[in-house]
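Here's the structure we're looking at; comments come further down.
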Amino acid sequence: MSEILQKLAHCVEYGKIDRTCPYPPDMKGQDGADELAKLALETGVTPDQILENALIPAMAVVGDKFSRKEIYVPQMLMAAKSMNSAMKHLKPFFQSGETKRKGKFIIGTVAGDLHDIGKNLVAMMIEGGGWEVIDLGVDTGTDKFMKAIDENPGAVIGLSALLTTTMENMNKTVDAIRTKYSDLKILVGGAPVTMDYCVKIGADFYSPDPQGAVNYLNHLVS
Ligand code: B1M
């Protein structure tokens with residue numbers, strides 16, 4: 001891995017967004033993921049190499065640390081923001097089709113539920129894992145999910161719920177998706193959701209954390 005990519009991976013892992021970002025304190029004044037991704041492209045590194053050799057492995061390290069409770073939500077958010085600051089330089093290549101992604105992932109917090117911090121982390125980790133993410137936001141009714149699925153055939157679907165009262169809406173949305181598209185993969189998560197509940201409502205996979213979600217998606221295309 002080139003020196004630039006090593007530095008870029010380090011910035012993402014430790015949440016150094018750009019030169020002006022004072023976090024982490026021991027990297028104050030140094031270039032961040034923003035400048036390094038731009039520099040990498042200018043020196044001829046391809047968007048694929050940036051994704052495969054810097055962003056994806058760095059986010060995998062972050063996800064594993066979070067799963068092992070070695071870092072917490074704030075550190076993970078900084079890492080995800082750094083990853084996003086690098087991704088903004090790669091987006092034009094994805095949009096032009098020059099660089100391929102692993103697939104599409106549609107995610108939303110279910111109807112009646114306004115919690116989005118965990119859902120956003122999952123979305124950012126999956127994007128950092130090389131997937132195109134279509135984020136439908138919070139309070140996402142079944143109709144909105146169905147419209148996005150119709151427009152993005154074959155996408156993997158992710159539903160998040162943080163309230164015991166909105167878990168029933170997760171069930172309703174899964175039912176509607178299953179009725180129309182029996183073969184689509186559905187991933188569920190959120191604090192009150194369990195593997196038992198996932199099985200009960202007929203979803204395909206439950207992950208308690210973002211890295212589990214990334215691993216599941218990667219397993220689908222491996
Ligand atoms: Co709310 N809230 N809240 N709240 N809130 C909880 C969830 C609650 C447990 C607090 C409590 O009473 N102890 C409780 C739910 C009780 C229950 O249902 N059993 C609760 C309640 C009751 C409410 C209101 C009803 C309060 C009221 O108004 N009376 C209300 C409901 C509003 C609504 O949604 N309609 C409400 C409102 C809010 C705020 C708007 C103020 C705010 C949300 C802000 C936002 O999200 N933008 C809020 C917050 C912040 C919380 C707590 C404090 C924190 C949630 C959070 O962000 N956690 C929460 C208590 C708590 O958890 N300590 C609470 C951090 C986040 C990283 O974790 O979301 O679990 P989490 O996501 C994790 C995993 O679950 C997983 O990955 C993430 C990272 O590890 N994951 C997935 C999540 N989605 C996934 C999807 C996947 C895979 C993994 O695949 C698709």
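The values are calculated or read from the model by the stated rules, or taken from the named source; none is laboratory data. Here the structure is a predicted model, which means the values were calculated and not measured. Neighbour counts run over all protein chains shown; Cβ positions are idealised from the backbone, glycine included. The protein model used for the area step is the full one, side chains on, heavy atoms only, and it has no ligands, DNA or RNA in it. Shrake-Rupley method; radii C 1.70, N 1.55, O 1.52, S 1.80 Å.
Give the accessible area for D31 in Å² (nearest 10); use a 1.4 Å probe, count only protein heavy atoms, and leave out ligands, DNA and RNA.
50 Å²
Sorted by accessible area with a 1.4 angstrom probe, largest first, how do E151, E168 fall? Present the calculation step by step, with values, prior to reporting the outcome.
Values: E151 110, E168 90 Å².
So, going from the largest accessible area down, we get E151, E168.
Pick out, from H115, Q95, A80, the residue whose Cα sits farthest towards the positive end of the charge dipole of the stretch 62-124, with +1 on the Cβ of Lys and Arg and -1 on the Cβ of Asp and Glu.
Q95
Under 15 Å from a point 7 Å along the Cα-to-Cβ line of R101: which residues of the stretch 64-87 have their amide N that close?
The answer is 83-87, whose backbone nitrogens lie closer than 15 Å to the label point.
Where the centre of each part is set by its Cα atoms, how far does the stretch 77-116 sit from the stretch 190-219, in angstrom?
19 Å
So what does log10 I(q)/I(0) come out to for the stretch 69-155 at q = 0.20, 0.24, 0.26 Å⁻¹, using the Debye formula with one equal point on every Cα and no solvent?
Reported log10 I(q)/I(0), two decimals: -1.03, -1.22, -1.27.
Per DSSP helix of 4 or more residues, -39500 (n - 2.57); summed, then divided by the residues of the chain. What does that give at 222 nm, rounded to the nearest 500? Show your work: numbers first, answer last.
Values: 10 runs with 117 residues, N = 222.
When only DSSP H runs of four or more count, the value is -16000 deg cm²/dmol.
Over the chain, with a Gaussian network built from C-alpha contacts below 10 Å, which listed residue (Y181, Y14, Y206) shows the highest mean-square fluctuation?
Among Y181, Y14, Y206, the largest GNM mean-square fluctuation belongs to Y181.
Please state the charge dipole magnitude for the chain, taken about the Cα centre, from unit charges on C-beta atoms (+1 on K and R, -1 on D and E), reported in debye and rounded to the nearest 20. If you can, show how the numbers build up before the last one.
Details: 23 positive and 28 negative charges, 18 e Å.
Once rounded to the nearest 20, the dipole reads 80 debye.
How large is the accessible surface per residue of the stretch 13-54, computed with a 1.4 Å probe and reported in Å² as a whole number? Mind dumping the intermediate values first?
Details: 2200 Å² over 42 residues.
Result: 52 Å² of accessible area for each residue.
Quick one: order V110, V138 from most to least accessible surface, probe 1.4 Å. Don't jump to the answer; show the numbers that get you there.
Values: V110 0, V138 50 Å².
So the residues, ranked largest to smallest area, are V138, V110.
In Å, what Kirkwood hydrodynamic radius results for the stretch 77-222 from the alpha-carbon pair distances? Don't skip to the end; give the middle numbers.
Values: mean 1/r = 0.0655 Å⁻¹.
The Cα-based Kirkwood calculation yields 15.3 Å.
Along Cα→Cβ, 7 Å out, is where each label goes; now give me the distance between the ones at Q30 and A176 in nm to one decimal.
4.8 nm
Let me check I've understood the local charge: for D64, count other residues with C-beta under 12 angstrom from its C-beta, Lys and Arg +1, Asp and Glu -1. What total comes out? Working shown, then result.
Numbers: positive: K65, R68, K69; negative: E13, E70, D209.
Every neighbour counted, the sum reads 0.
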